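What follows is a short report on a single structure.
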Amino acid sequence: MKKPSKGFTLIELMIVVAIIGLLAAIAIPNFVKFQAKSKQSEAKANLKSAFTAEKAYAQEKDIYNPAINIVGFLPERNNRYAYFLSNTGALQDRSAVALPAGGGETGVAVDVFKYGATSAQNYADGCAATGPKSAGLSGTGPYEWTGIAIGQIDSDTTLDTWSISTASRTFPARVDVNCSVGANNSSGEPANDVNDATY
C-alpha cells in the first residue's frame, strides 16, 4: 500500500506568500524611517564639532570666524550633509579623490565623489520666513554665531535641515508640514529645523 505524499497545497503556499508580502509592506516604510533617523546623527555630531571649533576660536580671538580652515572644522569624507558656517562664501569641494588645499571656504559641500552630483545642496535659510537665523554671524555684536547643515537622507524632495547656535533660541510654532513645531533650543544644542526623517 502506497503512503500518501506529504507537501503543501498551492493555496497554502499562496497564503504564506501573501502574509510575507503584508509584513514587508508594513516593515519597509518603518525601516526607511529608522535608516533616515540614523543618518541624522552625522549632522548632529558635525554641528557640535563646528560649535566647539567656533567657541575655541572665539575664546582666543574674541570674535567668530566662518572660515573652516581657520577655525579647524573639517568633517570626515562621506558626508551626506552640506555644512554652512556662513550664508555667504564658497564651500569646500568634495567632488575629487583628494580634498583641495585650504582656502577661504566658509562651509563644506556634500561628498559628491561618494554620493553623486544629485546629492549636492545649496544654502537655504530654514523653513519659510519663520526659520532659524542665517548661518554665520548674526545679531548684535560679534558674540553670536549659527551653523546650518542641509542634506538629503531619503528619496523624497524634502531636505533635512539642522542648525546650532551660540545663542539660545525659541522656534515658533509653524503651519508648514515639514517644519519643526515650536520649541526652546539652548545654546550649543543642534535643532532639527526640518525633520525629513518623519515625512
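If amide hydrogens are placed 1.01 Å from N in the peptide plane, which non-local residues have theirs closer than 5 Å to the one on LEU99?
Excluding prolines and chain starts, which carry no amide H, there are no hits.
Past the 30 Å Cα-Cα mark, which pairs from LYS37/LYS114; LYS37/LYS61; LYS61/LYS114; LYS33/LYS114?
On the way: LYS37/LYS114 20 Å; LYS37/LYS61 37 Å; LYS61/LYS114 36 Å; LYS33/LYS114 22 Å.
With Cα atoms farther than 30 Å apart: LYS37/LYS61; LYS61/LYS114.
Counting only C-alpha contacts under 8 Å and six or more residues apart, can you give the relative contact order of region 1-126 as a whole percent? Walk me through the numbers on the way to the answer.
Working: 125 pairs, mean separation 22.2, N = 126.
Rounded, it is 18 percent for region 1-126.
Under the 0.36 nm per residue contour assumption, what length would be gained going from the current alpha-carbon distance of LYS55 and THR88 to full extension?
Working: separation 33, 0.36 × 33 = 11.88 nm, distance 2.01 nm.
Result: 9.9 nm gained on full extension.
Suppose the chain between ASN78 and GLN35 were pulled fully straight at 0.36 nm per residue; how much longer would it get relative to their current alpha carbon spacing?
Numbers: separation 43, 0.36 × 43 = 15.48 nm, distance 1.61 nm.
Value of the extension gain: 13.9 nm.
Bear in mind these aren't lab numbers, they're just calculated from the coordinates by the rules spelled out. Being a predicted model, the structure only gives us computed values, none of them experimental.
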